[in-house]
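For reference, the structure discussed in these notes is given below.
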Amino acid sequence: MRQGTRNSLTLLGICLVLFTTVATAQGIGKQKDVFKDKLFAPNIILENQDELDLSKEQFTAIRAAVVEVQGNVAEHEWDLREAYMKVMADLDEVPVDEDKVMANVQAALLAENEVKKLQVAMLIRLRNLLTDEQMQYLQSLRGN
């Protein structure tokens, strides 16, 4: 495997982990997959790039979409981490200031929601890069 492809797969894997972590934290992982057969994770697309016969343009656009999202997600993750650190510090106070904690929880949830929106937007961009035949192939991998 070429070094560039390996790096791309690693980057895309990180993005998938982020998406899965956020989905699990929100309980989505416990429910039916709401995006089943509609959206496809970048790692699944790239793992099957030969079978999908991805064009150079498709591969480049997929990589660009993932890299763009990673940069934007990183910014929101800093906000999320900062908000949760404030929540943890607030919870050490006696008595706990409920309004202050809830304001920081709200900030964390807003950052988390922005991450989810960015990730879903990326998945939509990836889907729009695929042909009908490529989407059918990916759907077939899910056992439908």
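Scanning segment 33-52 for residues that are among the acidic types (Asp, Glu), more than 15 Å from the chain's Cα centre (by Cα) and part of a loop (DSSP other than H, G, I, E, B) yields a single hit, Asp37.
Take the conditions surrounded by fewer than 15 Cβ atoms within 10 Å (Cβ to Cβ), at positive phi and modelled with pLDDT of 90 or more and apply them to Asp99. Does it pass? So Asp99 fails the test.
Here is a check on your reading of the model: is Gln106 touching a Leu at 6+ places or on another chain (Cβ under 8 Å) and assigned to a helix (DSSP H, G or I)? Here the answer is no, as Gln106 does not meet what is asked.
Considering the conditions (1) surrounded by 12 or more Cβ atoms within 10 Å (Cβ to Cβ); (2) in a helix (DSSP H, G or I), Gly71 is excluded by exactly one of them, (1).
The values are calculated or read from the model by the stated rules, or taken from the named source; none is laboratory data. Remember, predicted model here, so these are calculated numbers, not experimental data. Don't worry about glycine lacking a Cβ; one is built from the backbone with ideal geometry, like all the others, and counts go over all protein chains shown.
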